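Novice: My structure is below; once you've seen it, I'll send some questions.
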Amino acid sequence: MAEPSLAVWDAVYGLLKAGLTCAVHDDVPEDAAMPYVVMGRLDASDADSHRTRRAEYFLYLSVWSNAAGQFEVLELIGQIDAAVHATRPQLATGRAVSCRVTRKNAVPEPDGLTYQGQVTLRCIAEH
């Protein structure tokens, strides 16, 4: 069986690619133009019930923009929420139980020119 984490990662990546108006990266190319979203860390933990093998996944996304102010970052955070929150994406391995946005924020970077948004997703999958 394939690693279930990969199935969750791929499903979320597909939702983001289809639902966002900017690029989505796992590894940001050196010449990438802003704005873009980076799929960062994925944490997985056991969430088995007595009958079902289940895992809880937290995916950490970063939104990057060099537009003036936080508007563009907040707009993209809204697009992420619309694309992913309360979904049950189709997985290549296993079955998604739920996928939810659990945290959102936006902050200016120290350079005074760049803004970063952060979104945390919580997905539960059976496998």
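Novice: Among the residues of segment 13-43, how many are under 11 Å from the mean Cα position of the chain (by Cα) and part of a strand (DSSP E or B)?
Specialist: 8
Novice: For segment 1-12, enumerate the residues that are surrounded by 16 or more Cβ atoms within 10 Å (Cβ to Cβ) and over 12 Å from the mean Cα position of the chain (by Cα).
Specialist: If the condition is that a residue be surrounded by 16 or more Cβ atoms within 10 Å (Cβ to Cβ) and over 12 Å from the mean Cα position of the chain (by Cα), then Pro4, Ser5, Ala7 are the ones that fit.
Novice: Moving to a separate point now. State the number of residues belonging to segment 18-35 that are out of contact with any Pro (no Cβ under 9 Å at 6 or more places or on another chain) and of a type in the set (Val, Ile, Thr).
Specialist: 2
Novice: Checking the condition under 21 Å from Ser98 (Cα atoms), open to solvent by less than 60 Å² (accessible area, probe 1.4 Å) and touching a Leu at 6+ places or on another chain (Cβ under 7 Å), which residue from Leu15, Leu42 passes?
Specialist: Leu42
Novice: If you don't mind, there's one more thing I want to ask. Quick check on my filter: what residues within segment 99-126 are small (Gly, Ala, Ser) and within 18 Å of Glu75 (Cβ to Cβ)?
Specialist: Ala106, Gly117
Novice: Kindly indicate whether any position in segment 3-19 is at pLDDT 95 or above and of a type in the set (Lys, Arg).
Specialist: Yes, there is a match, as at least one residue in segment 3-19 is at pLDDT 95 or above and of a type in the set (Lys, Arg).
Novice: Taking the conditions exactly as written (of a type in the set (Ser, Thr, Tyr) and either touching a Cys at 6+ places or on another chain (Cβ under 6 Å) or at pLDDT below 95 (or both)), does Ser62 satisfy them or not?
Specialist: For Ser62, the condition - of a type in the set (Ser, Thr, Tyr) and either touching a Cys at 6+ places or on another chain (Cβ under 6 Å) or at pLDDT below 95 (or both) - is not met.
Novice: Then there is this: Which one of Glu126, Glu109, Glu72, Glu30 is open to solvent by less than 40 Å² (accessible area, probe 1.4 Å) and out of contact with any His (no Cβ under 8 Å at 6 or more places or on another chain)?
Specialist: The match here is Glu126.
Novice: If a residue must be in a loop (DSSP other than H, G, I, E, B), at negative phi and open to solvent by less than 70 Å² (accessible area, probe 1.4 Å), how many such residues does segment 112-123 contain?
Specialist: Going through segment 112-123 one residue at a time, the tally reaches 1.
Novice: Please go through segment 56-85 and pick out each residue that is without any contact (Cβ under 8 Å) to a residue 60 or more places away in the chain, among the small types (Gly, Ala, Ser) and part of a helix (DSSP H, G or I).
Specialist: The one that is without any contact (Cβ under 8 Å) to a residue 60 or more places away in the chain, among the small types (Gly, Ala, Ser) and part of a helix (DSSP H, G or I): Gly78.
Novice: Moving on. Which of the following residues is modelled with pLDDT of 95 or more, open to solvent by 80 Å² or more (accessible area, probe 1.4 Å) and among the charged types (D, E, K, R): Arg51, Arg100?
Specialist: One residue alone meets the criteria, Arg100.
Novice: Would you call Asp10 among the charged types (D, E, K, R), under 16 Å from Thr87 (Cβ atoms), touching a residue at least 12 places away in the same chain (Cβ under 8 Å) and not in a loop (DSSP other than H, G, I, E, B)?
Specialist: yes
The values are calculated or read from the model by the stated rules, or taken from the named source; none is laboratory data. Keep in mind that what you see is a predicted model, and the values were worked out from it rather than measured. Don't worry about glycine lacking a Cβ; one is built from the backbone with ideal geometry, like all the others, and counts go over all protein chains shown. Surface areas here come from the heavy atoms of the whole protein model, side chains and all, with no ligands, DNA or RNA. Shrake-Rupley method; radii C 1.70, N 1.55, O 1.52, S 1.80 Å.
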